[in-house]
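A quick write-up on the structure given underneath.
The values are calculated or read from the model by the stated rules, or taken from the named source; none is laboratory data. None of the values given here were measured: they were computed from a predicted structure. Note: ideal-geometry Cβ built from the backbone for every residue, glycine included; neighbour counts use all protein chains shown. All accessible areas refer to the heavy atoms of the entire protein, side chains included, with ligands and DNA or RNA removed. Shrake-Rupley method; radii C 1.70, N 1.55, O 1.52, S 1.80 Å.
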Amino acid sequence: MSEGGQRRGTRNDRPAGRRSVARLFAVQALYEIEFGGANPEAVIADFRTHRQSEEIEGVQMREADADWFAEVVRGVARQQAEVDRVIKDAMPRVDALDRMEAILRYALRCAAYEIIARIDVPATTVIDEYLGIIRAFFGPREIKLANGVIDAVARKLRPGEFSA
């Protein structure tokens, strides 16, 4: 017990843990939208009904922050042209975004969206969160590329958050 008799929240109760799960689900949802032809609102509704907490590869996921999930999915869908522009500006080849695997592309899009729209979240947190997702799916080459791209986007859009 902490002071005042209040019990401290467990890791599962903290917003960051729930946001981490929401970020993973947002990447998956955007993949589903692109390849399944669903619209963002239908995918968000399905998530709220069926997938807010689920088991992935035998591991029970923490409950996701449903509002964070919805905001990221809607934001990427609504601002995809702007998000893609800032990503492409940070990439070594202009056509690289269109040629990469969809999960990597959507992780970059989600990260860029959060850097653009969620200035209340430190850029380093966004970088760490999405690199964690990318590490779960990809090897060193893709991780290095993603780290460079997300870092470049963050440094360009939020230079004040980085030391000289």
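Restricting attention to the range 64-88, the residues being acidic (Asp, Glu) and at pLDDT below 95 number 2. Any residue at all in the range 107-115 that's modelled with pLDDT under 95 and among the charged types (D, E, K, R)? Within the range 107-115 (the criterion being modelled with pLDDT under 95 and among the charged types (D, E, K, R)), the answer is no, since none of the residues qualifies. State all residues of the range 101-124 that are assigned to a helix (DSSP H, G or I) and free of Cβ contacts under 8 Å to residues at least 40 places away in the same chain; if no residue qualifies, say none. If the condition is that a residue be assigned to a helix (DSSP H, G or I) and free of Cβ contacts under 8 Å to residues at least 40 places away in the same chain, then Arg105, Ala123, Thr124 are the ones that fit. Do we have any residue at all in the range 90-98 that's open to solvent by less than 50 Å² (accessible area, probe 1.4 Å), modelled with pLDDT of 90 or more and under 22 Å from Leu131 (Cα atoms)? Checking the range 90-98: at least one residue is open to solvent by less than 50 Å² (accessible area, probe 1.4 Å), modelled with pLDDT of 90 or more and under 22 Å from Leu131 (Cα atoms).
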